[in-house]
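Everything below concerns the one structure shown next.
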Amino acid sequence: MPSVKGKGMESKNSADLTLEEISKKLEAGNGKQYYRSLDEVAGTPEFRKFLEDEFPNRSTLLSMDRRQFLKVMGASLALAGLSGCRFLPQEKIVPYVKAPEDIIPGKSLRYATAMVRRGEALGLVVESKMGRPTKIEGNDLHPASLGSTDVFAQAELLTLYDPDRGRNVLNEGQIATYDEFLKAAREALAAAKSPRIVTDRVASPTLRNQLQALVKAHPGAEWIEWEPFNDDSALEGSVLAFGSPYETVYDLSQAEAIVSLDCSLFDEGPWSVRMARDFASGRKIEGSEAKMNRLYVFESGVTTAGLSADHRFTVKSSEVVDIARQLVMALSDLEADGPFDAATIREIAADLIARNGKAVVVAGAHQPAELHAIACHINHAIGAIGRAVQYRPTDRKPLRTGATKLAAELAGGRVDWMLTISANPLSTLPQADGLKEAYKKVPFTAVAALYEDETAAESKWYVPLAHFLEAWSDAEARDGTASIIQPLILPLHNAVPVHELVASISGKPQPAYDIVKGFWVAKGAGEKWEKALHDGVISPAKPTEAPKPVGGIGPAGSAAFGFEVNLRPDPTIDDGRYANNGWLQELPKPITTVTWDNTVQMSLNTAQRLGVKNEDVVEVTVGQSRVEGPVWIVPGHADDSVTLHAGYGRTKCGRVGEGVGFNVYPLMAGGAIAEGSVKKLGKAHPIAAAQTHHSMEGRDIVRVGSIEEYKHNPSLEPHDAHHAKKGLTLYNDEQFKNDSQQWGMSIDLNACIGCNACTIACQAENNIPVVGKDQVRNGREMHWIRIDHYFSVKNGRFEHVVQPVACQHCEDAPCEPVCPVAATVHSHEGLNQMVYNRCVGTRYCSNNCPYKVRRFNFLNYQYNQKNFDKKDDIPLLKLLNNPDVTVRSRGVMEKCTYCVQRINEARIEAKKQLRKVKDGEIVTACQQACPTQAIVFGDVSDPNSRVSKARAEERSYKLLEVLNTKPRTSYSAKLRNPNPRIKA
Amino acid sequence: MAQLFKPVTNTIARASLVAAAAVPFLAIFTGSAISRSSYNTKAGVSLEQPVPFSHQHHVQELGIDCRFCHTSVEKSATAGIPSTDTCMMCHSQIWTDSPLLEPVRTSFATGRQIQWATGGEPGWNKVAKVPEFVFFNHSIHVNRGISCNECHGAIQKMHLTNKGKAFFMKWCLDCHRNPENVLYVDQANPQLDSKQQVFNLYRKFQAGAKLSPREQALANGLSYTPTAEEKAHAQEMIKKFNIKKATLEDCSICHR
């Protein structure tokens, strides 16, 4: 962005502000104020320009010469005049030859299935429209899901239809046949002395069985599982604490006090969906009796857990082990000296003890085994085991051991046959770069994966693997619940199901269905097969005995790092497996709201010390490895610490993900928390963040208060709040005075953790396109529901809050009277309707919307992934669309419709049965996905509906009520439950 | 030097003035006439199909129920198009060597979708199409007793299927604003519920039963203006079905 010097405006660059200055600026304002970014606090000229200028990057328009201008204008006029006049092409109807029994054309079918991420299952229910999966939702009966999903589950749909997925078996880059591959693989295997099979962490009991048999049949063979972000530490920690490995399964609904030791509670694999639900269930406020659980979080970077915390303590990740030791000391009434304030630690310990077993300590997956062992000891001491945490015996081995051995064997040339399934070792193994040459010398190498990845590029063979919606399989969740993965569609390309691949290599080719069913029939589950397919669960979790700790905790280890470098999986593209998923790339990351990039996150103080500001490129060094990436300042990050998200910088994954961001895996050899350094380079890298877009200019928008404040002032309304004059309106309110059902929504900010699941569920349901990084930089992202992120400074500490904002469906909607063509009008059921076919694209409505929730199709975004100026339709992406929602094209305004297609479907079904729509019958896409059940939708004219009850709560308020827009969406204020004995 | 402008020039000039005034109106008039003509709307224009299927024969002469082929018409938004299987239920027994049915037999034998004898393109030409931003639901209309002929014209008389009505938005709104004009109970068979009445109408056509003036109009695909008594009766139905007239006019009822 070009820099413009503000005249007569006292403003500084955000990076030049100190914490004191920020506090002073904040205190000068009246009451509690929330800011969206540091630039906003500083009032930088760039920020003002962005706010005030409709086209912040318009240099291209001004630099246009006269001829160019006339050409563009001429073309625009011609298009504007003629685009409406054409004869429609003759359409064809292609009927079935033999109509399938279950399909009623126009009605969807739902199938229970499951997806696997990082070796754990998440139960799903997938909607199929005329044989085409169009929407992924959670499975109520699955313990990890309980009906909700995370962002990854929603986005798997785009992965299924991704045009860049592998389509053919390749031999040295040339198209070959699957039979040729099998012949070559089997011949080479027969001759091989030390064959290796490398997979990701396998969640399928059937596949584990198959692979074990394959390895057994070939002496010298080994099967190695590898995940760059794994739970090795938890396994090793349980060995240290209990003497044998245990799986850690949390049930936060049983915990009144939770201490997170650097754990990103709501972003640690599929079980986090359940953890979010349990956490929120302990925070439901009913009436004035406010009973809430309490979350203490120790962390370096800011995570979704940190912003939900009642006490968020900013510490270095490398200090956390010692802080845990302090907690142990405090629990045993000993001197609790250490890096953290002993008095606070003592209060936390007292709180944990006072809960009588209803408390738990949770350790982060990236922390060392030592911390997990300490957490086991503490959980035993406070009586949490068997309540809020279960330790489930397992025979899994830490993945790191096998991976290190494999790397050594590869480097030593001791591997002569290697098959990689769904793992990407040449990209994610520690020191993977050095292995490339050695890998190429292996006589037989093959990769079976969804995409032709970095490892496939160096392999002799590549086999496209079937997506989980294309092939039969099974999978276990963290608590041991097993599900059958049911396919919804035949493989779109020449993809092979993983079970068939392994069976064929073993010399016993069989269809995947027979293999999976055979496995469960052998286990005696044959009789309940049909029910298992229907429910999505074939064998439920078994209760386990609580293990007893053996020995004590180890001696104090090394001190905290002087400057630490933290590596974490990316919150939206995980370890890189979703790098080619445009939905996830464009999903604003929680807290930073950065899209299409990973960044070097650091605190304000660290940035000032390094003399860098946002978008400056720095070099991060750990040991001998260094990477370069752009800086992003995160208020509340620990000082002398940086956080980097992995998964970016892919060189081979498809047209969306290649060349986006920077690769941090070279730093992985030093571990997830390592001592390192950061150096300023004289470069900058533009970042597309949604952060400073859609600003609401510091008005009273999010209401937050402590439980104490809530007891005195249940509405939590600021004392100086302005009120609209009652009854003063220019609008005709008569239209709501009819006996139709009146739709409304309520969002509980107390439950919202800012996980973004709603945003992407809405994207999947409503055919919302991806616009790309450049368009996001222009503020043109299309998400109908966005998560606003605000922070405030209180006693030198940053406090974070989030708020989902979609169209508020105002009864007196300011967008409606300004539309010259009546393309946005109100329905008698209270919906603010958007009529695409009327819209001529004046954008007056968006201009007049105080909530900035309207989205405009500046270009042909649909069916497109990158080049929007060209109309390069990708036919495969048309399969992705929900047929019940119009696909919008260029020049059309759009926004949240309250999922009107779902309302209409429910209304029509109810009308056919001569009744009203029942409460809970309509579930909007965002509501369905929400892991914490923060969103309620229903009839606000029925006083007994759930939404009416939520709106009747005292902490319920409307956004910008002073404008008298009468929104149909209401919010319930966020409460914090700080420990009154801790002086923050 | 000869006269530059001859006397006839005056006439041309006057005519030009008139034309200048008239041409824009004529252009607009012609444009709108074309857009309303069946050249654009395709109303009443029979399309070529892979098999020259006759509704007249199957519905009027043989008395086959609509739902035999359009299976989902009372359950779902779309009426459904019969599969090859459905055709072959009868045509494996009758007209088994008709050359017109060759595409059906080929489809059944090969398992491939029905194809044009020439060109090899699959599928039927779509006759009744609403734009993609319009979401019409067959089931709710059928459940309210709205006759198929109300929108599809005199379908039971069509030898080759054509679009019975022009499908203008105003035409949709005519009923959505005044549902009392189309809601009715067949007084000869008051025991039938609204849905049954829709399909029973074709049995009446076939049997040559005595038709009410409204049914007469439906049989011929004509519009009908109900009497005051019929309207009053329809008002009762509006109450019974709890039809909210204002809501019916909301944009999001059809556009979403």
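The values are calculated or read from the model by the stated rules, or taken from the named source; none is laboratory data. If you're wondering where the values come from, they're calculated on a predicted model, not measured in any experiment. Every residue, glycine as well, gets a Cβ built from its backbone with ideal geometry; the counts of neighbours run over all protein chains shown.
In the stretch B:117-141, which residues are facing chain A (nearest Cβ under 10 Å), over 16 Å from the mean Cα position of the chain (by Cα) and over 25 Å from A:Y836 (Cα atoms)?
B:E121, B:P122, B:G123, B:W124
Taking only the stretch A:908-926 into account, find how many residues are more than 8 Å from chain B (Cβ to nearest Cβ), assigned to a helix (DSSP H, G or I) and without any contact (Cβ under 8 Å) to a residue 24 or more places away in the chain.
Number of matching residues: 2.
Looking only at the stretch B:228-240, count every residue that is under 26 Å from A:F736 (Cβ atoms) and either more than 12 Å from chain A (Cβ to nearest Cβ) or crowded, with 17+ Cβ neighbours inside 10 Å (or both) and tell me the total.
The qualifying residues number 3.
Assess whether A:R167 counts as being over 16 Å from A:T113 (Cβ atoms) and outside any loop (DSSP other than H, G, I, E, B).
no
In this structure, does A:A438 turn out to be free of Cβ contacts under 8 Å to residues at least 12 places away in the same chain, assigned to a helix (DSSP H, G or I) and surrounded by fewer than 22 Cβ atoms within 10 Å (Cβ to Cβ)?
no
Per-residue answers, yes or no, for (1) assigned to a helix (DSSP H, G or I); (2) touching a Pro at 6+ places or on another chain (Cβ under 7 Å); (3) touching a residue at least 60 places away in the same chain (Cβ under 8 Å):
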{"residue": "B:K6", "(1), (2), (3)": "no, no, no"}
{"residue": "B:V23", "(1), (2), (3)": "yes, no, no"}
{"residue": "B:L26", "(1), (2), (3)": "yes, no, no"}
{"residue": "B:Q49", "(1), (2), (3)": "no, no, yes"}
{"residue": "B:Q60", "(1), (2), (3)": "yes, no, yes"}
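Looking only at the stretch A:552-595, count every residue that is of a type in the set (F, W, Y) and crowded, with 23+ Cβ neighbours inside 10 Å and tell me the total.
Total meeting the criteria: 2.
Quick check on A:A674: is it outside any loop (DSSP other than H, G, I, E, B), at pLDDT 90 or above, not assigned by TED's automatic domain parsing to the domain that holds A:S846 and not β-branched (V, I, T)?
Criteria met by A:A674.
Could you list all residues from the stretch A:874-901 that are within 12 Å of another protein chain (Cβ to nearest Cβ), of a type in the set (A, V, I, L, M) and either touching a His at 6+ places or on another chain (Cβ under 7 Å) or part of a loop (DSSP other than H, G, I, E, B) (or both)?
Of everything in the stretch A:874-901, those that are within 12 Å of another protein chain (Cβ to nearest Cβ), of a type in the set (A, V, I, L, M) and either touching a His at 6+ places or on another chain (Cβ under 7 Å) or part of a loop (DSSP other than H, G, I, E, B) (or both) turn out to be A:V885, A:V887, A:V892.
Under the condition of being among the small types (G, A, S) and over 24 Å from the mean Cα position of the chain (by Cα), which residue from the stretch A:221-247 is nearest to A:L371 (Cα to Cα)?
A:G237
Would it be correct to say that A:S459 is assigned to a helix (DSSP H, G or I) and out of contact with any Cys (no Cβ under 8 Å at 6 or more places or on another chain)?
no
Kindly list the number of the only condition in (1) touching a strand residue (DSSP E or B) at 6+ places or on another chain (Cβ under 7 Å); (2) under 30 Å from A:G402 (Cβ atoms); (3) not polar (S, T, N, Q) that fails for A:E268.
Status for A:E268: all satisfied but (1).
Need the failing condition index for A:V776 against (1) outside any helix (DSSP H, G or I); (2) in contact with a Ser or Thr (Cβ under 9 Å, 6 or more places away or on another chain); (3) under 22 Å from A:D597 (Cα atoms), just the number.
All conditions are met except number (1).
Please specify each residue of the stretch A:792-816 satisfying the condition of being of a type outside the set (V, I, T) and either in a strand (DSSP E or B) or free of Cβ contacts under 8 Å to residues at least 24 places away in the same chain (or both).
Of everything in the stretch A:792-816, those that are of a type outside the set (V, I, T) and either in a strand (DSSP E or B) or free of Cβ contacts under 8 Å to residues at least 24 places away in the same chain (or both) turn out to be A:S792, A:K794, A:R797, A:F798, A:E799, A:H800, A:Q803, A:P804.
Of all residues in the stretch B:79-95, which are assigned to a loop (DSSP other than H, G, I, E, B) and either within 11 Å of another protein chain (Cβ to nearest Cβ) or crowded, with 17+ Cβ neighbours inside 10 Å (or both)?
Those that are assigned to a loop (DSSP other than H, G, I, E, B) and either within 11 Å of another protein chain (Cβ to nearest Cβ) or crowded, with 17+ Cβ neighbours inside 10 Å (or both): B:A79, B:G80, B:I81, B:P82, B:S83.
So how many residues does the stretch A:462-482 have that are surrounded by 20 or more Cβ atoms within 10 Å (Cβ to Cβ) and part of a loop (DSSP other than H, G, I, E, B)?
Number of matching residues: 11.
If the requirement is being surrounded by fewer than 13 Cβ atoms within 10 Å (Cβ to Cβ) and either among the polar types (S, T, N, Q) or away from chain A (no Cβ under 14 Å) (or both), which of these qualifies: B:S107, B:S72, B:S98, B:S76?
Going through B:S107, B:S72, B:S98, B:S76 in turn, just one is surrounded by fewer than 13 Cβ atoms within 10 Å (Cβ to Cβ) and either among the polar types (S, T, N, Q) or away from chain A (no Cβ under 14 Å) (or both): B:S98.
Quick check: is even one residue across the stretch B:157-167 surrounded by fewer than 20 Cβ atoms within 10 Å (Cβ to Cβ) and within 30 Å of A:Y898 (Cα to Cα)?
Yes: one or more hits.
Do you know which residues across the stretch B:115-130 are closer than 14 Å to B:E48 by Cβ and assigned to a loop (DSSP other than H, G, I, E, B)?
B:W116, B:A117, B:T118, B:G119, B:E121, B:G123, B:K126, B:V127
Tell me, yes or no, whether the stretch B:28-42 has at least one residue that is touching a strand residue (DSSP E or B) at 6+ places or on another chain (Cβ under 8 Å) and either among the aromatic types (F, W, Y) or not in a helix (DSSP H, G or I) (or both). Give the derivation first.
First, pick out the residues of the stretch B:28-42 that are touching a strand residue (DSSP E or B) at 6+ places or on another chain (Cβ under 8 Å): B:41-42.
Imposing the further condition that a residue be either among the aromatic types (F, W, Y) or not in a helix (DSSP H, G or I) (or both) reduces the set to B:42.
Within the stretch B:28-42, one or more residues are touching a strand residue (DSSP E or B) at 6+ places or on another chain (Cβ under 8 Å) and either among the aromatic types (F, W, Y) or not in a helix (DSSP H, G or I) (or both).
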